[in-house]
Structures are given as C-alpha cells and as structure tokens.
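This report refers to the structure that appears directly beneath it.
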4 protein chains.
Amino acid sequence: MQFELDRRRPGQSRITTPRKETDTCRILSGVSEGVTTGTAITVFVPNTDQRGHDYSEMSIAYRPSHADATYDMKYGVRAVQGGGRSSARETIGRVAAGAVAKKILKNLAGTEILAYVSQVHKVVLPEDLIDHDTLTLDLIESNIVRCPDPEYADKMIDAIDAVRVRGNSIGGGVVTCIVRSCPRGLGSPVFDKLEAQLAEAVMSLPATKGFEIGSGFAGTFLTGSEHNDEFFTDEHGRIRTRTNRSGGIQGGISNGEIISMRIAFKPTATGHNKQHTVTRDKKEMELIAHGRHDPCVVPRAVPMVEAMVALVLLDQLMAQHGQCNLFPINPNLQEPMLLPGLEPNKVPL
Amino acid sequence: MQFELDRRRPGQSRITTPRKETDTCRILSGVSEGVTTGTAITVFVPNTDQRGHDYSEMSIAYRPSHADATYDMKYGVRAVQGGGRSSARETIGRVAAGAVAKKILKNLAGTEILAYVSQVHKVVLPEDLIDHDTLTLDLIESNIVRCPDPEYADKMIDAIDAVRVRGNSIGGGVVTCIVRSCPRGLGSPVFDKLEAQLAEAVMSLPATKGFEIGSGFAGTFLTGSEHNDEFFTDEHGRIRTRTNRSGGIQGGISNGEIISMRIAFKPTATGHNKQHTVTRDKKEMELIAHGRHDPCVVPRAVPMVEAMVALVLLDQLMAQHGQCNLFPINPNLQEPMLLPGLEPNKVPL
Amino acid sequence: MQFELDRRRPGQSRITTPRKETDTCRILSGVSEGVTTGTAITVFVPNTDQRGHDYSEMSIAYRPSHADATYDMKYGVRAVQGGGRSSARETIGRVAAGAVAKKILKNLAGTEILAYVSQVHKVVLPEDLIDHDTLTLDLIESNIVRCPDPEYADKMIDAIDAVRVRGNSIGGGVVTCIVRSCPRGLGSPVFDKLEAQLAEAVMSLPATKGFEIGSGFAGTFLTGSEHNDEFFTDEHGRIRTRTNRSGGIQGGISNGEIISMRIAFKPTATGHNKQHTVTRDKKEMELIAHGRHDPCVVPRAVPMVEAMVALVLLDQLMAQHGQCNLFPINPNLQEPMLLPGLEPNKVPL
Amino acid sequence: MQFELDRRRPGQSRITTPRKETDTCRILSGVSEGVTTGTAITVFVPNTDQRGHDYSEMSIAYRPSHADATYDMKYGVRAVQGGGRSSARETIGRVAAGAVAKKILKNLAGTEILAYVSQVHKVVLPEDLIDHDTLTLDLIESNIVRCPDPEYADKMIDAIDAVRVRGNSIGGGVVTCIVRSCPRGLGSPVFDKLEAQLAEAVMSLPATKGFEIGSGFAGTFLTGSEHNDEFFTDEHGRIRTRTNRSGGIQGGISNGEIISMRIAFKPTATGHNKQHTVTRDKKEMELIAHGRHDPCVVPRAVPMVEAMVALVLLDQLMAQHGQCNLFPINPNLQEPMLLPGLEPNKVPL
C-alpha cells in the first residue's frame, strides 16, 4: 500500500508539485496479524505539508476551471484550504484501497493491471512501440514520467522541464491502462457493462476529459469487417480472438483478452499567470493563483487509474462469483475463474 | 414517448435495418387520467417482426465481436433468437424512460437535450459548423441521418448508401450530445461526478467505444492557460464562463454552461462477409451472418444517447433537490433550480 | 410459481375475500426451454375481477387506516381503483419471485422455508404443539387457515366463519416462519445483519405491525444465563447449539440452526361498519366501505412471508458466495455451503 | 455529538459496564468554522480502556450467544480483542451520525426523537403512565436507567443493582421510541415502507430480538373496527386521526401523528457463570467469560435507538424532498414539509 501511495504522492520527483507531503499511511483498523479481519480497513494519512496561507485570496475569488464556483453554487460553502474534496488529495483513499484490490486480484487470478503515460502535451508515444504482452511494472517505473519507452520518456521529461522552470503547467496528457489475465465473465448485460463501470470509475478521477476502450474513437474509421475480432481455439483449448479491437470486452463482459483503455487528462488548471475571474460577490477581478501544483498531472495519475480499475474488477469478480459460480448451469462453457495451479485457500493474501 | 421510440425503431428509413418492428408502446400501469400515479410505469412493446429462423446457425457458432461467446462464458446459456439482452432492442426501455425524463426536465427547468450525428465513418462534421446555442430538434430531424448540417448530412447518407446496396456495414461513427439550460449544481464530488455518471450511462449503450466531455482528448494538446475557462458576470448577474472547454461541468458539478459530449460507436459487427470463428464446442468454422442489421448504427443511436443523458440528469436533479435545496446554507450563492417564470406546481407535466 | 400464486390469490377458500381473481401467471421473458437465460424474468398476471364501481365513493373519502390519506399527502394523486400500489395485489410479484428463490435455495442447499398461522385474533396456537424439525408443507396446507395443528385450525376457522357471515373482519393474527437447513454464514456484521434484512423484508408486507426473531419479546424476561445457547459438537462433527433462543442467527450471521420468526398482522382495515372520516376537502363524513376484503389476512399472508424470506436468503447466499467463498481464509473453520452429496452443477434448477 | 456519545458510553453510571471508555470524539474532517462543508465528516473516537488480556481464553473458545462462532464460520478469522465489529463499540459511529441527523431534523422540521426504557427484565412500565405528547428529554435523563417514570425507574435500578453485585447480568428489556412532529409523507409504497426502514435500522443494533410499530403484537387481538384510526379535521385545518394504533404510519408513509415503536433487547450474553461451549477445534470445554459487560443493556441502548431512527427519517426526508417536493402535482393535498414560521435558510444548523 505504501509503495502505491509513494507512486501517487506529491514531491516524488522534480516534475511533480514541490509540495512535500510524505503521505505515510497508518492502518487503524481491519487488519490483525497480517490478515484482514473483515472489518472496514481504516487508513490514516495525515497531511504534513498544509500551508493555509497560500490560499487566502482564493477564499473570495473563483479560480478558473477549478471547482470553487460550482461548489458554492451547489453547497453555498466550501473548504478553501487545499480544495477539500475537490483536491486531488482525495485520491489517496482510492490508491490505498486499490492496493488491496490489486493484491487480491494478483493472488487469486494472476491479474495484472498496468498503467503508463502515453502522451504528455504534444509528445505522443506511438502505440506500436509498447508490447502489452510483455510490459512490466519495472519498465514503467524506470523513469519519473512513467512512460515505458526510454526515448519517449526523455522527450516527455524534457517537455515538462521546459515549462516547469517558468512556473507554468504543460498541456494535458493521456494514460493508457491494460489488464492482463483478467478473469472471463466479468461485467453484466445492459446497464452494468464492464466498460461502463470502468468508464465511470476513471472518469471520477480529477481532471479526466475522455475515456476509450479497445479501438476507441480511432475504431470509428474502420469498417465492420476490419473491426471484427475473429475467434480461434488456441493450443490450450481456450477460445481466443486473433485481434483485440474489442479491448478485452464483448457484450459488456470480459473475454479474457487484454483489456486496454486510454484516459485523457486536461492540463493542470492552476498556473502562475494572471487570469480574469469573479469573486463570490460577482465582482470581476484578476487572480494569480499561488498554490504549488503539478506542471503535469499524468505521471501521478498512473497509480490512480490502476487503483480505480482494480476496484471495479474486484467488485465484478465478487459479483460474478456470487451469481454465476454459485450455480453454474453449463460448466463446459462457463469459465473457471482461477488460473491453473492456483488454489484459492493456498494463496498468501 | 412514441415519438422517441419512432426515432429509435428499426426500419424508419432506408439507411437503417430493414427489420420492420413497429415498436408501438402501450402503457400498462402507472399513469391514470394523464398524470403519473407514482406507481412504476410499465411500457409494453411487443416485437412484431421476430424471425427465429434467421438465427439458426448462430445457435452453435459465435459471431465475431458479438456477445455470443462472452454470454456463454459467463452464463452457460444464452437467448439465441435476437440476441436477448445483448440485442439493441433492450434500448427501447431506455428510450421510453428517457422520454418521460426529458419531459420533466423540459417543463421543470427548461432543460433541452439534443444529440446528433457528427461523424459517419470517414465523413467528419467540422465542429464549428454547428452553433450549440441555436441548434434545434427540427434541424436534427430534417434528414434521415440526423446530422444538423444539410451538406454533411448528404455526404453521410451517400456514404451509407454506397455500402448498403452491397449488403455491407459502413464504419462506425460519433454522436455529439449537448444539454442546454442544465440546472447548476448537479453532480457530486469524488465518485459521483456528473461526467462519471454520464460516461457510465452512455458507455452502457451497445457498440460504444469512447466518451469525451468538453475538450476531451483534443484538450490534452492545450496548455493550462489555453484550456482554462475564465469567469465573468453576465448582464443578468449570473456567473458565467467566457469559454467552455470544461463542457459545462467543473469539479464534477454542472455550472450552467452547455454540457457537451462526444460518443464513439464502433461499426456494426454483423456483416454479410464470410468470417472465421469457432463453435460452442471450440471447433473452427466459417460463418456468414444472416440477421438484418443496420449498415450504420449512429442515426438510431441519437435518441438512445439523449435518453441516457436525460435519465442521469433527472436522477441528479432529484438528488440535488433532496440534499442542497432541502436546507440551503447560503442562498445568495446557491442557485435557484428553476427558470424565472416557471413555478413547479403550475407546469403541465 | 403458479402453486405459490394460488396459495396467495383471493377467493381460494370461503375464509378469504370473495373476489375471484384467478391470478394466472404468464412468463413473458427470461426463461427459454426450461432454464433461465439471465434476462429479467417478466411475469404478467392480469387482474380478471376488477370492479371499478365498488370504489366510487372512496375517490373522495379517506378510508380509515388505509393508505388513501397518506398517498394524497405525499403524492397529491392516487390510484383509487383497487388501491394501486397500496393494494395487496402488489404482493403477487413478491410471491412469484419468491417461488424462484425458494426453488434455487431448495436445490442448492436443501433449504426449506415454511410459514404457518400461529394466531387468529384470540385463538393462539401454543408454540410447543408444533415440532419445527418435522413440520411439513403438506401439514400446513392440510386446512384452509394454514395452521399445522388440526384442532387449532378448526378453532381458527370457526372464529373466522363467525364474523365472516356478518360481513365483518376478525382481529389480526400472527404468522410464524421457520427456515430449515439454512446455509451458515449468511448475513453481515453491523448494518446488514441477517435479522435486520429479514425484518425489513417482512415489515414491508401490507398490514404488518411487529417482527420477532428467536426468543423475541418473550426473551426479555429471561436472564443472560437462561437465554444463552450453549455450544456442543454433534455426531457429524458440526458445531451446534443445544437450545436455539438466538433463532438461528448470532451476531447477525446464520449459524445453521433453524431460523424462526413471528410476524404480527393487524386486522383488515376495511369492514362494513359505518366509520367517521374526512374527504380530500377536509370535510367530515361517514363512510361505509364496499370493497370485498378478507375477513382475516393471515392465511393468505403465509406465502407472502415465505417469499420475502426466500428473497432475502438468496440475496445473502449470493453475497456470501461472492465474498467469503471466493477467497476462503481458513477452510477448516469456514463452512461449506452445500449439503453433502449435492453438487451445484448437477442440481435441476 | 459529545452529549449523545456520553449517553452511550460505558462507565457512565454504576448500572453500566465498569469499563472506563471516555469516548471523546474528535472531528477530523467535514466541518469548518461551525458548518459542514459537504465533505464526509470523520469522527475519531479512540478506545482508551482496551485490555487485551481479558480476552485471552476466548481466542480459542466460542462464547455462547456471541458472534464468535458465526464469524469464524463466515470469515475464518475474527478480531478476538473486544469483539471487533461484533462489539457494541461500533454503535459509537451510529450515535455520532445520529446526533447530526437529530439536529437537522429538529431545526428543519421541529422533529423530536425520544427513546426511553419501558421494561427491565420483569419490571414493566405500564404504557399509560407516559404521556407521549409531553414527554421530555429531561425527564428521560433524570435517572440513570432512562425511564421517565421515577417510581418505575427506581424499581428498575433496584433490580439491576441486585444482580450487578453478584457479577451477573439481569434479563433483557424493552426500549420504546417515539417521534413527534415527524414530517408527513416520509416512506414509500411497497418495499421501502417507513416501518420497514425503521425495523431494519433498529434490528441492526446489537442484541435486538423484536420490533413493533403502533399497536404491534397487542393489536392482533383487536378487531378491524376497534383497530381503525378514524380521521377528523383539527382546529388548524389539518387532517388528523383520533386514535393512533397505526403508530404514525399508514400505507408505509408517515401521517404526522406520533410514531411509536418498541424494541426488544435480549439479556447480555456474557455473564460470569460457567458455561459449556466448544473451541475452534470443536473440543468441548467450560468457559467463564471475563470481559467487563453491562448488567443490563437497555439504558445505553436508548441513544442508539434514537440515532438509528434519526438516520432513517433524515434519509427519507431527503428522498421525499427530492421526489415529491421537486414537482408537486397537487399542492392543496400535499403537505408542506416545514413547521409554520420556520424558513429553511434561516435555521441555525
């Protein structure tokens, strides 16, 4: 859990916000002698670098493209310091919970969830440079921008450094996320399709503006026969698809192929430039925001995306086990949930 | 309701599936003397053009990029005729419910939800051709492809006709959807952000592969200062933004500007070409699907998208009224929910 | 399903309402060739004996202890004919769904849910007359009042007949419900305790006024040591309790002993006596209700109680399987869910 | 909030457990400058008198009528010290949240929720001694057993003292709870009837065995005409009932009369007598429990019941406002939610 929180925390490298939040987590309940007890797990992560005075002017002025104005419209009150629930600090809880979910999925079904940065502003990583079958966490973590191609990682870091020294924020970016060895059968018809659950989960992360699954928007330029994923039976007798434009999900249900998603993040809203805005009293004014924010959000967004995907998959795995594995109708067709060789009560959760 | 169902139904024009489902709806419960009684509204829409024999071979073969294989993996059983819940016929319920939601939103808050086709395969409607302030339903419905620009509508229809006569399906497409006069304050922080709710809702529609809100993926190429929407106070004393890259939602909460979304639909999976696939018994075979399907799904997807957006917004409006309008803390900041001149108990629901 | 609906329907015997609703069910969706397809099962049960004119005066007058007044207070509109959602006809849906749940529970875990009438007005069946280990459905169904003791059944029927001929309704009554062979481990700590779920479910039935589990209100007169259920290990090596004042649930979780509940039903509100009431316009008036209602509700309440209990247990069984059987931590302690000899994929659902 | 927690905490008087938990609450988030910010309110209440060694033998033995055995059957693991989630300490969270709900209900609608002890073992407070129209919190809090009749309070305290000195626990008891000035219209037809919500909420409290609303089990001995609550129009032009056997709820919806409930609590399971039980290894043994527990649970259960009722009512008030006050259909019939003279944005929350 601490490993994941460190991937998320501010101040982890020169290209993230200079805030020095250590984000040390302490588990207050729910775990005893190394195993979960079933009780809700409370994780306490105090904020060690809160500077209230940075936010004084903002108590009356609405920062453009922040949640200040809409929170006031909705609630009539907001937590000015650090943004309250609109602060990206709330993602600590997501990452902590996701760490548990990832561990369970890994041990139970061998499922691996890996996200990486595939675009920073105008530096776009070509998709065919990354082999999703062999991609590793080490490769992603081998550089501070979390791009698994060393050459493009350098380009991205250079681009961020160029604006960072001027106190600016660079443009937005894209995080690609894949799931390997996802159990088959996750997701439900109609409203609870797996891609809908995934879209909701990642689009609830701060700064997201778009979501794609499989072929995504690019797939609209293909014809039906170009887009279809033909089936075959592999050497292990499993039904597979030769291509994977479906992105591992067909009819709302995982088919065992690699799930692939792309998520668009807008540029950081807070810069150091002067901007026009209005106050709570609707008076126009000019604002220079002084908070210490990331020049580029996507490197720190990587563990957030992984966490949200893990939480969705574990929820769906439990639902699937509770529904379809409780009373299998046709075991010859229905997929076993576990990898060969893994027995559920032997795995070290 | 029937108007909306007619926009969705097959056989409505030459560019949709030749199936002749009339989709006449009959309300069985929940409405008495012109008003809803609070009881669940049951709408009965029998299928008048079901041809079971079209689907005989498909009972053993898995159609590529359909839900056949994943349903068997999950359930061990599936409704072969018409696809069961994986059939787009299930969207009738969405459109019927959405018709009620749209009426309430319109009468209560003047909210208008308008979707249109902005891309068919390689015919891409330039965004600046459509003025979202003045767009009307009549303009969208003025042609069978539901593109509000007549010139591009003709291009799209021509492209569909070209493949239709060969029995093929054209590529996918994009539906753009806007919401005008959306009440401010809808949506919640953290997990229930309005864009997350909208993403989940539309991504649960069949054939969707991507979702964008506001600036979307294109916005990643902007810098923070280019992307920010500066605030001003308009002539009615309302806080507005000069630009709208946020797409009407900031911090997960609607700000009263036009909400704009783009949704990617993949090409129709069923074509008349021969494809490789496998059977339930994992034997490889070649399949020519014979169902009667749309050469292009996006014209019929337009009312589906509108319906899902309407359902999300009405849910959120009820939540907002139940939470924040029940005990307003600061009425000077919090937004009234109703348009001037509209009184809730006077509106003809 | 039809068997259960027949146990619920009006006009089944002389001691129920003389309305002649046949309640013939027709399954419109969700079942194909004898197995469920996973699609929602739609059951259509038209009302064949609706007499709208019986209810004319009641369109303006509020019947005492009916839902008329509160529905108007809440909604401002109500379905006068037959009571709409406040009519006990809505329990058809519960009984139909419960029939499916009971079948699954029976086949999967051997679970039996049996309810019977243990009190009609002042005729109180002594608890020790009924042996819950050997009670059968046949015994319960052997008389029209559904009391498994023939002597007390006669007393109850006589009491009902005495008031029925005068057009009156008798007092209320009590339904006792037991669950045999309930899987262990159902229910959750804190808010979702099994007894809380059961209480909610049965207290949502019309006319219920009280709920007891295990020792109930009578148990408050025992001391702690009198009330405690001591553990022992039975001849099959299973941990059991010698007494069962807990009613089969400890700490909110089923322990495998017989679950026992008692539910109080108030007397039928509609009688043929003149009563004081007010109209929608708040004018006082006298009302003689003319609907045809049961002289005693409890015989027909028996299948309703069983249905609600079945639905709760199946929900909890699915939750338990999805959570604790997905990754058992200590299989020596955790209970297998199935009866010995039953294999889930062999059972004829 | 602290006032309510003090009513709940152990060691508050000689008739409660001698554990000295101060239960001092500290609000970690969600409140700023005296108003809630909309963020989740985190209340931190550390346990200051935890004695792990009291529980050593119980790590292997199952205490009768505790959750030890069922937790192991379900989870295979449990928190031995203090019982984890099966400890009544979890009710701190309920009482803290209920304190907020009670304040909102009081300020917004003048709603008062008052619970008191009406039975301790064999000391039964006659119902007609308490006038629910004039009952006050001061009267209830005027003695340590929380019985509003001084004479019966003394009897109850004497009964508890008699067993307390011997280290025993007395029998169970009953808590009666009333709600005055409950807004009309709360609750929904069919499944979400208000009494069902209330039953679920209080039956999720530890040690509950029964729930009654209005006339309860005693009402089954009345005939329909004896039980019915006739309507009249009072001097303020409000529709009222002359009697209140319905307990303030008709058709699942509050009618503005006093809501009255009775809840049965079983005797404290842990006593100091020797009892037979089994170990995790299914070996039989004798156990003397050493934890420090209440001789009688009902005095401390009073604030728990109030809290759960408050939470249900506030939920339902929000739902009602979000649904029926958003678009009233017939304002002449539908009830205003607020007391005369109260304006929602003026009340000091």
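Overview of values
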| quantity | calculated |
| --- | --- |
| Quarter of Cα convex hull surface for the range D:160-245, i.e. mean projection, nm² | 9.0 nm² |
| Positive-pole candidate from B:Val145, B:His236, B:Val95, dipole of the range B:2-323, charges at beta carbon | B:Val95 |
| Those residues of the range B:64-80 for which accessible area with every protein chain present is at least 40 Å² below the isolated value (1.4 Å probe) | B:Ser65, B:Thr70, B:Tyr71, B:Met73, B:Lys74, B:Tyr75, B:Gly76, B:Val77 |
| Signed unit charges on C-beta, dipole axis of the range C:163-285, positive-most listed residue C:Gly167, C:Gly187, C:Asn255 | C:Gly167 |
| Check: chain B dipole with +1 on Lys, Arg Cβ and -1 on Asp, Glu Cβ, in debye | 1220 debye |
| Gaussian network model of chain C, Cα within-10 Å springs - most flexible of C:Gly247, C:Gly34, C:Gly219 | C:Gly34 |
| Members of A:Lys266/B:Lys266; A:Lys266/B:Lys209; A:Lys74/B:Lys266; C:Lys102/C:Lys266 lying beyond 30 Å, as alpha-carbon distances in this model show | A:Lys74/B:Lys266 |
| Dipole magnitude of the range D:5-140, debye to nearest 20 (Cβ charges: Lys/Arg +1, Asp/Glu -1, about Cα centre) | 440 debye |
| Average beta-carbon neighbours from other chains, 10 Å sphere, peptide D:87-96 | 1 |
| Average beta carbon contacts from partner chains per residue of D:281-287, 10 Å cutoff | 3 |
| Rounded to whole Hz, the Karplus (6.51, -1.76, 1.60) HN-Hα couplings of the range C:166-179, x for glycine and proline | 8, x, 9, 10, 7, x, x, x, 10, 10, 9, 9, 10, 10 |
| Label 7 Å beyond Cα on the Cβ vector: A:Val124 copy-to-copy distances, nm | 0.9, 8.1, 8.1 |
| Accessible area of the range B:2-323 belonging to carbon and sulfur atoms, whole % at 1.4 Å probe | 51 percent |
| Overall form of the range C:66-113 per C-alpha gyration tensor (a/c, 1.5; a/b vs b/c) | prolate |
| Coarse-grained scattering of the protein assembly as shown at q = 0.04, 0.06 Å⁻¹, given as base-10 log I(q)/I(0) from a Debye sum over alpha-carbon atoms | -0.25, -0.58 |
| Net dipole in debye of the protein assembly as shown [+1 Lys, Arg Cβ; -1 Asp, Glu Cβ; about Cα centre; nearest 20] | 0 debye |
| Cα gyration tensor shape of chain A, rounded if a/c is under 1.5, else prolate or oblate by comparing a/b with b/c | prolate |
| Inter-part distance where the range A:87-123 and the range C:116-132 are each reduced to a Cα centre, Å | 58 Å |
| Buried solvent-accessible surface, both chains (D, A), 1.4 Å probe, Å² to nearest 100 | 900 Å² |
| Per-copy distances of the C:Ile41 label point, shortest first, in nm (7 angstrom along Cα→Cβ) | 2.8, 3.8, 4.5 |
| For the range D:2-346, accessible area per residue (1.4 Å probe, heavy atoms of protein chains only), Å² | 37 Å² |
| Pairwise centroid distance, computed over Cα atoms, of the range C:134-148 with the range D:229-299, Å | 31 Å |
| Top of C:Leu186, C:Leu129, C:Leu205 by mean-square fluctuation, Gaussian network on chain C, Cα under 10 Å | C:Leu129 |
| Anisotropy class of the range C:1-141 from Cα gyration tensor, a/c 1.5 cut | oblate |
| Shielding by partners, peptide A:25-33 (average Cβ within 10 angstrom, other chains) | 2 |
| Other-copy label distances relative to C:Thr233, 7 angstrom Cα-Cβ extension, nm | 4.9, 7.4, 8.0 |
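The values are calculated or read from the model by the stated rules, or taken from the named source; none is laboratory data. None of these values were measured; they are calculated from a predicted model. Methodologically, a virtual Cβ is constructed for each residue, glycine included, from the backbone with ideal geometry; neighbour enumeration extends over all protein chains shown. The area values use the complete protein model at the heavy-atom level, side chains included, leaving out ligands, DNA and RNA. Shrake-Rupley method; radii C 1.70, N 1.55, O 1.52, S 1.80 Å.
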